[in-house]
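Down below is the structure, laid out as structure tokens.
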Amino acid sequence: MHRCQTCQTRFDGRADARFCSPRCRKTNARRLQADARDLLMRQTRAIIDGADPGVLAAIAREAERLLPAA
């Protein structure tokens, strides 16, 4: 028994299943895209505004958490 990463419902599926349906998989992908876009915009704005290295490091840590290396 698994728990969907998007809607948290329990479902039966393959051992590596993360989502209960294609709809939840797509919803999760769209959310990740939006989060990545927002993160990139914040990083760009911080660079333009001349943010201190601590702020840029925090954004980089968030990017690593959000977008793990493939």
Next on the checklist: Expected output is a single nm value to one decimal: the length gained when fully extending between residue 60 and residue 16, i.e. 0.36 nm times separation in residues minus the C-alpha distance. What is it?
Outcome noted: 13.0 nm
Checklist outcome for this item: Excluding ligands, DNA and RNA, the carbon-plus-sulfur percentage of the accessible area of the chain with a 1.4 Å probe reads 54
Checklist entry - Per residue, how much accessible area does the chain have with a 1.4 Å probe, in Å²? => result 79
Checklist entry - If you compute Kirkwood radius over Cα pairs in Å for the structure shown, which of (1) 14.1; (2) 13.1; (3) 16.7 do you land on? => result (1)
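The values are calculated or read from the model by the stated rules, or taken from the named source; none is laboratory data. Computed from a predicted model, the values in this text were never measured in an experiment. In case anyone asks, the SASA skips ligands and DNA or RNA and just uses the protein heavy atoms, side chains included. Shrake-Rupley method; radii C 1.70, N 1.55, O 1.52, S 1.80 Å.
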